[in-house]
Amino acid sequence: MYIELKNINKIYPNGFHAVHNFCLEIEKGEFIVFVGPSGCGKSTTLRMIAGLENISSGEFLINGERANEKSPRDREVAMVFQSYALYPQMTVYDNIAFGLTLQGVDEDVIEERVKKTAKILGLTDYLDRLPRALSGGQRQRVAIGRALIRKVGIFLMDEPLSNLDAKQRVTMRGEIAQIHRETGATTIYVTHDQTEAMTLADRIVVMKDGYVQQTGTPYELYFRPANVFVAGFIGEPPMNFAKGKVENGAIAFGDQKVDLTGARQDAAALEGKEIVFGFRPEAVTLEAREKAARIDCRVELTEMLGDNTNVYITCGEQQAILKVDSHDTPETDEALSFYIPWESMYVFDGKTEEAL
Ligand code: ATP
(Lines give C-alpha, C1' and ligand atoms only; values in the text may rest on other atoms or scores of the structure.)
Protein backbone atom coordinates (compact mmCIF):
# COMPACT_ATOMS: atom_id res chain seq x y z
CA MET A 1 0.00 0.00 0.00
CA TYR A 2 1.36 3.41 -0.98
CA ILE A 3 -0.21 5.63 1.67
CA GLU A 4 -1.81 4.54 4.93
CA LEU A 5 -3.64 6.70 7.45
CA LYS A 6 -4.27 4.76 10.62
CA ASN A 7 -6.59 6.23 13.25
CA ILE A 8 -5.43 9.76 12.58
CA ASN A 9 -6.69 12.39 15.04
CA LYS A 10 -6.26 16.14 15.08
CA ILE A 11 -6.74 18.09 18.26
CA TYR A 12 -5.90 21.77 17.78
CA PRO A 13 -3.98 23.62 20.54
CA ASN A 14 -7.25 25.23 21.68
CA GLY A 15 -8.56 21.72 22.43
CA PHE A 16 -10.85 21.44 19.39
CA HIS A 17 -10.99 17.86 18.12
CA ALA A 18 -11.20 18.47 14.35
CA VAL A 19 -10.52 14.95 12.99
CA HIS A 20 -11.50 11.66 14.67
CA ASN A 21 -9.90 8.28 13.91
CA PHE A 22 -9.44 8.89 10.21
CA CYS A 23 -8.51 5.62 8.44
CA LEU A 24 -7.68 5.23 4.75
CA GLU A 25 -5.38 3.22 2.51
CA ILE A 26 -4.45 4.70 -0.85
CA GLU A 27 -2.90 2.84 -3.75
CA LYS A 28 -0.43 4.37 -6.16
CA GLY A 29 -2.16 6.33 -8.92
CA GLU A 30 -5.52 6.61 -7.16
CA PHE A 31 -7.56 9.83 -7.30
CA ILE A 32 -9.06 10.26 -3.84
CA VAL A 33 -11.52 13.05 -3.01
CA PHE A 34 -12.35 14.23 0.51
CA VAL A 35 -15.79 15.80 0.45
CA GLY A 36 -18.08 17.27 3.08
CA PRO A 37 -19.64 20.49 4.30
CA SER A 38 -17.58 23.43 5.55
CA GLY A 39 -15.74 22.67 8.78
CA CYS A 40 -15.90 18.85 8.50
CA GLY A 41 -12.12 18.48 8.76
CA LYS A 42 -11.15 17.76 5.16
CA SER A 43 -8.55 20.54 4.87
CA THR A 44 -7.13 19.65 8.26
CA THR A 45 -6.66 16.04 7.12
CA LEU A 46 -5.03 17.15 3.88
CA ARG A 47 -2.72 19.51 5.75
CA MET A 48 -1.67 16.68 8.08
CA ILE A 49 -0.79 14.60 5.00
CA ALA A 50 1.14 17.54 3.57
CA GLY A 51 3.03 18.00 6.83
CA LEU A 52 1.63 21.50 7.36
CA GLU A 53 -0.19 20.42 10.54
CA ASN A 54 1.17 17.94 13.03
CA ILE A 55 -0.75 14.71 13.63
CA SER A 56 -2.06 14.53 17.21
CA SER A 57 -2.30 10.75 17.24
CA GLY A 58 -2.37 7.86 14.81
CA GLU A 59 0.06 6.74 12.18
CA PHE A 60 0.75 8.08 8.69
CA LEU A 61 2.76 5.78 6.42
CA ILE A 62 4.23 6.37 2.96
CA ASN A 63 5.51 3.19 1.28
CA GLY A 64 5.12 1.40 4.59
CA GLU A 65 7.38 3.85 6.39
CA ARG A 66 6.20 6.10 9.23
CA ALA A 67 6.07 9.66 7.94
CA ASN A 68 4.40 11.50 10.87
CA GLU A 69 7.59 13.33 11.75
CA LYS A 70 8.88 13.90 8.22
CA SER A 71 9.12 17.48 7.00
CA PRO A 72 6.84 18.45 4.07
CA ARG A 73 9.87 18.38 1.78
CA ASP A 74 10.70 14.77 2.65
CA ARG A 75 7.16 13.50 2.11
CA GLU A 76 7.21 13.58 -1.70
CA VAL A 77 4.10 15.80 -1.71
CA ALA A 78 3.18 18.85 -3.76
CA MET A 79 0.19 20.98 -2.86
CA VAL A 80 -2.08 23.22 -4.96
CA PHE A 81 -4.03 25.69 -2.85
CA GLN A 82 -7.34 27.51 -3.25
CA SER A 83 -5.57 30.76 -4.07
CA TYR A 84 -3.08 30.18 -6.84
CA ALA A 85 -0.28 32.00 -5.01
CA LEU A 86 1.61 32.78 -8.22
CA TYR A 87 4.45 35.30 -8.21
CA PRO A 88 2.94 38.29 -10.04
CA GLN A 89 6.25 39.68 -11.30
CA MET A 90 7.40 36.34 -12.76
CA THR A 91 6.44 34.92 -16.13
CA VAL A 92 4.47 31.70 -16.43
CA TYR A 93 7.75 29.95 -17.31
CA ASP A 94 9.49 31.21 -14.16
CA ASN A 95 6.48 30.48 -11.98
CA ILE A 96 6.41 26.88 -13.16
CA ALA A 97 10.19 26.55 -12.94
CA PHE A 98 10.45 28.16 -9.50
CA GLY A 99 10.66 25.02 -7.35
CA LEU A 100 13.33 23.47 -9.54
CA THR A 101 15.32 26.72 -9.74
CA LEU A 102 15.36 26.82 -5.94
CA GLN A 103 16.68 23.28 -5.85
CA GLY A 104 19.48 24.32 -8.19
CA VAL A 105 18.43 21.95 -10.96
CA ASP A 106 20.32 22.31 -14.27
CA GLU A 107 18.88 24.99 -16.63
CA ASP A 108 18.58 22.52 -19.51
CA VAL A 109 16.68 20.04 -17.37
CA ILE A 110 14.41 22.81 -16.11
CA GLU A 111 13.65 23.98 -19.63
CA GLU A 112 12.81 20.49 -20.79
CA ARG A 113 10.53 19.86 -17.81
CA VAL A 114 8.80 23.27 -18.01
CA LYS A 115 8.06 22.68 -21.68
CA LYS A 116 6.75 19.20 -21.06
CA THR A 117 4.56 20.37 -18.18
CA ALA A 118 3.29 23.36 -20.18
CA LYS A 119 2.35 21.01 -22.99
CA ILE A 120 0.30 18.75 -20.71
CA LEU A 121 -1.46 21.85 -19.34
CA GLY A 122 -1.99 23.64 -22.65
CA LEU A 123 0.21 26.56 -21.55
CA THR A 124 2.88 26.39 -24.25
CA ASP A 125 1.75 29.67 -25.86
CA TYR A 126 1.63 31.52 -22.54
CA LEU A 127 5.07 30.88 -21.09
CA ASP A 128 6.26 34.48 -21.55
CA ARG A 129 3.19 36.08 -20.00
CA LEU A 130 2.76 37.44 -16.52
CA PRO A 131 -0.03 35.94 -14.37
CA ARG A 132 -2.15 39.11 -14.61
CA ALA A 133 -2.47 38.56 -18.36
CA LEU A 134 -4.08 35.15 -17.83
CA SER A 135 -7.65 34.01 -17.18
CA GLY A 136 -8.53 32.42 -13.84
CA GLY A 137 -8.46 28.95 -15.38
CA GLN A 138 -5.05 29.55 -16.95
CA ARG A 139 -3.67 30.81 -13.63
CA GLN A 140 -4.95 27.70 -11.94
CA ARG A 141 -3.19 25.60 -14.56
CA VAL A 142 0.08 27.42 -13.84
CA ALA A 143 -0.40 26.66 -10.14
CA ILE A 144 -0.97 23.01 -11.00
CA GLY A 145 2.07 23.11 -13.29
CA ARG A 146 4.21 24.35 -10.47
CA ALA A 147 3.21 21.35 -8.39
CA LEU A 148 3.35 18.86 -11.30
CA ILE A 149 6.87 19.75 -12.37
CA ARG A 150 8.30 18.55 -9.09
CA LYS A 151 7.41 14.97 -10.07
CA VAL A 152 6.48 14.10 -6.53
CA GLY A 153 4.61 10.98 -5.57
CA ILE A 154 1.56 12.62 -4.02
CA PHE A 155 -0.36 15.51 -5.41
CA LEU A 156 -2.57 17.40 -2.93
CA MET A 157 -5.26 19.86 -4.00
CA ASP A 158 -7.39 21.98 -1.66
CA GLU A 159 -10.48 23.32 -3.44
CA PRO A 160 -8.40 24.26 -6.50
CA LEU A 161 -11.43 25.38 -8.52
CA SER A 162 -13.15 27.57 -5.97
CA ASN A 163 -11.92 30.84 -7.48
CA LEU A 164 -13.27 30.03 -10.94
CA ASP A 165 -16.70 30.78 -12.36
CA ALA A 166 -19.15 27.93 -12.97
CA LYS A 167 -18.21 27.39 -16.60
CA GLN A 168 -14.46 27.51 -15.97
CA ARG A 169 -14.92 25.05 -13.13
CA VAL A 170 -16.49 22.48 -15.44
CA THR A 171 -13.73 22.93 -18.03
CA MET A 172 -10.96 22.79 -15.45
CA ARG A 173 -12.53 19.74 -13.82
CA GLY A 174 -12.21 17.93 -17.12
CA GLU A 175 -8.63 19.11 -17.46
CA ILE A 176 -7.68 17.89 -14.00
CA ALA A 177 -9.12 14.47 -14.85
CA GLN A 178 -7.11 14.51 -18.10
CA ILE A 179 -3.90 15.54 -16.29
CA HIS A 180 -4.43 12.71 -13.84
CA ARG A 181 -4.87 10.21 -16.67
CA GLU A 182 -1.68 11.46 -18.33
CA THR A 183 0.53 11.67 -15.26
CA GLY A 184 -0.96 8.85 -13.18
CA ALA A 185 0.00 10.86 -10.08
CA THR A 186 -1.58 9.78 -6.81
CA THR A 187 -3.92 12.63 -5.99
CA ILE A 188 -5.84 13.70 -2.91
CA TYR A 189 -8.35 16.41 -3.67
CA VAL A 190 -10.49 18.37 -1.21
CA THR A 191 -13.85 19.89 -2.16
CA HIS A 192 -17.24 20.63 -0.68
CA ASP A 193 -18.84 20.06 -4.11
CA GLN A 194 -20.33 16.61 -4.53
CA THR A 195 -20.41 16.94 -8.34
CA GLU A 196 -16.66 17.54 -8.41
CA ALA A 197 -16.19 14.58 -6.11
CA MET A 198 -18.39 12.28 -8.19
CA THR A 199 -16.82 13.23 -11.53
CA LEU A 200 -13.15 13.16 -10.50
CA ALA A 201 -12.74 10.47 -7.88
CA ASP A 202 -11.73 6.85 -8.06
CA ARG A 203 -12.82 6.79 -4.43
CA ILE A 204 -14.54 9.39 -2.26
CA VAL A 205 -14.24 9.91 1.48
CA VAL A 206 -17.35 11.65 2.82
CA MET A 207 -16.74 13.53 6.07
CA LYS A 208 -18.97 15.28 8.60
CA ASP A 209 -18.04 16.92 11.90
CA GLY A 210 -14.56 15.38 11.84
CA TYR A 211 -15.76 11.82 11.25
CA VAL A 212 -15.55 9.73 8.08
CA GLN A 213 -19.10 8.81 7.10
CA GLN A 214 -18.29 6.49 4.21
CA THR A 215 -15.45 5.67 1.82
CA GLY A 216 -16.24 4.21 -1.57
CA THR A 217 -16.45 4.61 -5.33
CA PRO A 218 -18.89 7.21 -6.68
CA TYR A 219 -21.13 4.29 -7.68
CA GLU A 220 -21.13 2.79 -4.19
CA LEU A 221 -21.89 6.13 -2.51
CA TYR A 222 -24.74 6.87 -4.89
CA PHE A 223 -26.39 3.45 -4.89
CA ARG A 224 -25.42 2.16 -1.45
CA PRO A 225 -25.13 5.16 0.89
CA ALA A 226 -24.16 4.03 4.40
CA ASN A 227 -26.36 6.53 6.20
CA VAL A 228 -28.85 9.38 5.84
CA PHE A 229 -26.10 11.99 5.67
CA VAL A 230 -24.30 10.39 2.70
CA ALA A 231 -27.61 9.66 0.98
CA GLY A 232 -28.57 13.34 1.27
CA PHE A 233 -25.14 14.72 0.41
CA ILE A 234 -24.43 12.72 -2.75
CA GLY A 235 -26.88 13.41 -5.58
CA GLU A 236 -28.47 16.60 -6.84
CA PRO A 237 -31.24 17.43 -6.05
CA PRO A 238 -30.79 15.49 -2.79
CA MET A 239 -32.61 12.29 -1.88
CA ASN A 240 -36.14 12.77 -0.51
CA PHE A 241 -36.73 11.56 3.04
CA ALA A 242 -39.75 10.79 5.24
CA LYS A 243 -39.42 9.85 8.88
CA GLY A 244 -41.89 7.60 10.63
CA LYS A 245 -42.87 4.24 12.08
CA VAL A 246 -43.46 1.16 9.95
CA GLU A 247 -47.08 0.10 10.45
CA ASN A 248 -48.67 -2.83 8.64
CA GLY A 249 -45.58 -2.98 6.41
CA ALA A 250 -45.97 0.62 5.27
CA ILE A 251 -44.48 4.03 6.02
CA ALA A 252 -46.49 7.25 5.89
CA PHE A 253 -45.46 9.71 3.22
CA GLY A 254 -47.49 12.80 4.13
CA ASP A 255 -51.12 11.82 3.64
CA GLN A 256 -50.07 8.78 1.57
CA LYS A 257 -48.65 5.37 2.44
CA VAL A 258 -45.72 3.56 0.88
CA ASP A 259 -45.93 -0.19 1.19
CA LEU A 260 -42.48 -1.64 1.88
CA THR A 261 -43.35 -5.34 1.78
CA GLY A 262 -42.51 -5.74 -1.91
CA ALA A 263 -39.25 -3.81 -1.70
CA ARG A 264 -37.98 -5.33 1.53
CA GLN A 265 -37.74 -9.00 2.33
CA ASP A 266 -37.16 -7.98 5.93
CA ALA A 267 -40.38 -5.92 6.09
CA ALA A 268 -41.68 -8.05 8.97
CA ALA A 269 -38.58 -7.23 11.03
CA LEU A 270 -39.11 -3.52 10.36
CA GLU A 271 -42.65 -3.60 11.78
CA GLY A 272 -43.09 -0.97 14.52
CA LYS A 273 -39.62 0.45 13.96
CA GLU A 274 -38.83 4.15 13.52
CA ILE A 275 -37.18 4.55 10.14
CA VAL A 276 -36.14 7.15 7.62
CA PHE A 277 -37.51 6.27 4.20
CA GLY A 278 -35.76 7.71 1.14
CA PHE A 279 -35.93 7.82 -2.65
CA ARG A 280 -34.02 9.83 -5.20
CA PRO A 281 -35.76 12.55 -7.26
CA GLU A 282 -34.56 10.94 -10.50
CA ALA A 283 -35.67 7.43 -9.56
CA VAL A 284 -39.40 8.07 -9.96
CA THR A 285 -41.52 7.57 -13.07
CA LEU A 286 -44.74 9.34 -13.99
CA GLU A 287 -45.94 6.36 -15.98
CA ALA A 288 -47.57 3.55 -14.06
CA ARG A 289 -45.22 0.62 -13.59
CA GLU A 290 -45.11 -2.66 -11.75
CA LYS A 291 -43.09 -3.27 -8.62
CA ALA A 292 -43.44 0.33 -7.54
CA ALA A 293 -45.36 2.41 -5.00
CA ARG A 294 -47.82 4.94 -6.35
CA ILE A 295 -48.00 8.34 -4.67
CA ASP A 296 -50.65 10.97 -5.37
CA CYS A 297 -49.39 14.47 -4.74
CA ARG A 298 -49.79 18.10 -5.62
CA VAL A 299 -47.40 20.12 -7.80
CA GLU A 300 -46.21 23.29 -6.06
CA LEU A 301 -43.49 24.51 -8.39
CA THR A 302 -41.55 23.40 -11.45
CA GLU A 303 -38.04 24.34 -12.59
CA MET A 304 -37.31 23.56 -16.22
CA LEU A 305 -33.56 23.00 -16.49
CA GLY A 306 -33.32 21.97 -20.12
CA ASP A 307 -33.20 18.21 -20.45
CA ASN A 308 -35.11 17.72 -17.21
CA THR A 309 -37.43 19.51 -14.81
CA ASN A 310 -37.35 19.59 -11.01
CA VAL A 311 -40.90 19.23 -9.74
CA TYR A 312 -41.53 20.36 -6.16
CA ILE A 313 -44.47 18.44 -4.74
CA THR A 314 -46.40 18.08 -1.50
CA CYS A 315 -48.41 15.18 -0.08
CA GLY A 316 -50.16 16.81 2.85
CA GLU A 317 -47.31 18.11 5.04
CA GLN A 318 -44.63 16.09 3.27
CA GLN A 319 -42.49 17.82 0.67
CA ALA A 320 -40.34 16.22 -2.03
CA ILE A 321 -38.61 16.93 -5.33
CA LEU A 322 -39.05 14.82 -8.45
CA LYS A 323 -36.77 15.01 -11.47
CA VAL A 324 -38.68 14.32 -14.67
CA ASP A 325 -38.08 14.58 -18.41
CA SER A 326 -38.76 18.20 -19.35
CA HIS A 327 -41.29 17.02 -21.97
CA ASP A 328 -43.33 15.66 -19.07
CA THR A 329 -43.30 18.90 -17.03
CA PRO A 330 -46.61 19.02 -15.14
CA GLU A 331 -48.72 22.11 -14.47
CA THR A 332 -48.39 23.77 -11.07
CA ASP A 333 -51.26 23.54 -8.58
CA GLU A 334 -52.41 20.31 -10.18
CA ALA A 335 -52.65 16.77 -8.94
CA LEU A 336 -49.91 14.38 -10.04
CA SER A 337 -49.25 10.69 -9.53
CA PHE A 338 -45.77 9.23 -9.53
CA TYR A 339 -44.24 5.82 -8.93
CA ILE A 340 -41.26 4.89 -6.78
CA PRO A 341 -39.71 1.62 -8.02
CA TRP A 342 -39.11 -0.94 -5.28
CA GLU A 343 -35.41 -1.16 -6.13
CA SER A 344 -35.06 2.61 -5.59
CA MET A 345 -36.41 2.63 -2.05
CA TYR A 346 -33.97 3.25 0.80
CA VAL A 347 -34.56 2.53 4.46
CA PHE A 348 -32.43 3.89 7.31
CA ASP A 349 -32.63 3.37 11.05
CA GLY A 350 -34.66 6.24 12.58
CA LYS A 351 -32.24 6.59 15.52
CA THR A 352 -28.76 5.83 14.22
CA GLU A 353 -29.60 6.93 10.63
CA GLU A 354 -27.51 3.98 9.37
CA ALA A 355 -28.71 2.17 6.25
CA LEU A 356 -30.86 -0.91 6.98
P1 ATP B 1 -13.77 24.30 4.67
O2 ATP B 1 -14.42 23.67 3.49
O3 ATP B 1 -14.60 25.42 5.25
O4 ATP B 1 -12.33 24.64 4.48
P5 ATP B 1 -12.93 21.94 6.12
O6 ATP B 1 -13.77 20.72 6.08
O7 ATP B 1 -11.74 21.95 5.27
O8 ATP B 1 -13.84 23.20 5.84
P9 ATP B 1 -11.14 22.39 8.29
O10 ATP B 1 -10.52 23.61 7.75
O11 ATP B 1 -10.37 21.12 8.24
O12 ATP B 1 -12.56 22.16 7.63
O13 ATP B 1 -11.57 22.67 9.80
C14 ATP B 1 -12.17 21.68 10.60
C15 ATP B 1 -12.56 22.27 11.92
O16 ATP B 1 -11.38 22.63 12.66
C17 ATP B 1 -13.37 23.54 11.82
O18 ATP B 1 -14.39 23.51 12.77
C19 ATP B 1 -12.38 24.65 12.11
O20 ATP B 1 -13.02 25.75 12.70
C21 ATP B 1 -11.42 23.98 13.05
N22 ATP B 1 -10.07 24.55 12.96
C23 ATP B 1 -9.34 24.74 11.84
N24 ATP B 1 -8.13 25.26 12.11
C25 ATP B 1 -8.10 25.43 13.46
C26 ATP B 1 -7.12 25.94 14.38
N27 ATP B 1 -5.94 26.36 13.97
N28 ATP B 1 -7.44 25.94 15.69
C29 ATP B 1 -8.64 25.47 16.13
N30 ATP B 1 -9.60 24.99 15.31
C31 ATP B 1 -9.34 24.97 14.00
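Among the candidates Phe16, Phe34, single out the residue that is in the same structural domain as Thr217 (by TED's automatic domain parsing) and under 27 Å from Leu161 (Cα atoms).
Phe34
Do you know which residues across region 18-44 are near the ligand (Cβ under 7 Å from one of its atoms) and within 16 Å of Thr186 (Cβ to Cβ)?
Hits for region 18-44: nothing passes.
Of all residues in region 1-34, count the ones that are under 23 Å from Thr183 (Cα atoms) and not in a loop (DSSP other than H, G, I, E, B).
From region 1-34, those under 23 Å from Thr183 (Cα atoms) are 1-4, 24-34; that's our starting set.
From what is left, the residues that are not in a loop (DSSP other than H, G, I, E, B) are 3-4, 24-26, 31-34.
Summing the residues that are under 23 Å from Thr183 (Cα atoms) and not in a loop (DSSP other than H, G, I, E, B) in region 1-34 gives 9.
Take residues that are in the same structural domain as Ala268 (by TED's automatic domain parsing) and of a type in the set (Lys, Arg) and tell me which of the strands (runs of 3 or more DSSP E) falling wholly in region 159-257 contain 1 or more.
So the answer is 240-245.
Can you say whether Leu86 is in a loop (DSSP other than H, G, I, E, B), surrounded by 14 or more Cβ atoms within 10 Å (Cβ to Cβ) and more than 16 Å from the ligand (Cβ to nearest atom), as far as the supplied structure shows?
yes
Restricting attention to region 44-63, and to residues there that are at pLDDT below 95 and of a type in the set (Gly, Ala, Ser), which single residue is surrounded by the fewest Cβ atoms within 10 Å (Cβ to Cβ)?
Restricting to residues being at pLDDT below 95 and of a type in the set (Gly, Ala, Ser), the top hit is Ala50.
Which condition number in (1) under 22 Å from Gly232 (Cα atoms); (2) of a type outside the set (Lys, Arg); (3) in contact (Cβ under 8 Å) with a residue 24 or more places away in the chain is the one that Thr309 fails?
Looking at each condition in turn, Thr309 falls short on (3).
Do we find a residue being basic (Lys, Arg), in a helix (DSSP H, G or I) and within 12 Å of the ligand (Cβ to nearest atom) anywhere in region 46-56?
Restricting attention to region 46-56, the residues satisfying the condition of being basic (Lys, Arg) are 47.
When the remaining residues are screened for being in a helix (DSSP H, G or I), the result is 47.
With within 12 Å of the ligand (Cβ to nearest atom) added as a condition, the list becomes 47.
Yes, some residue in region 46-56 is basic (Lys, Arg), in a helix (DSSP H, G or I) and within 12 Å of the ligand (Cβ to nearest atom).
Can you pull out every residue in region 149-204 that is surrounded by fewer than 22 Cβ atoms within 10 Å (Cβ to Cβ), more than 14 Å from the ligand (Cβ to nearest atom) and small (Gly, Ala, Ser)?
Once the filter is applied, which keeps residues that are surrounded by fewer than 22 Cβ atoms within 10 Å (Cβ to Cβ), more than 14 Å from the ligand (Cβ to nearest atom) and small (Gly, Ala, Ser), region 149-204 yields Gly153, Ala166, Gly174, Ala177, Gly184, Ala185.
Select from region 1-17 the residues that are touching a Lys or Arg at 6+ places or on another chain (Cβ under 8 Å) and more than 9 Å from the ligand (Cβ to nearest atom) and list them in ascending order. Talk me through it step by step, then tell me what you get.
As a first pass, look at region 1-17 and keep what is touching a Lys or Arg at 6+ places or on another chain (Cβ under 8 Å): 2, 17.
Residue satisfying the conditions is Tyr2 alone.
The values are calculated or read from the model by the stated rules, or taken from the named source; none is laboratory data. As the structure is a computational prediction, the values presented were derived from the model and not from experiment. A quick note on method: Cβ atoms are made from the backbone with ideal geometry, for glycine too, and the neighbour counts reach across all protein chains shown.
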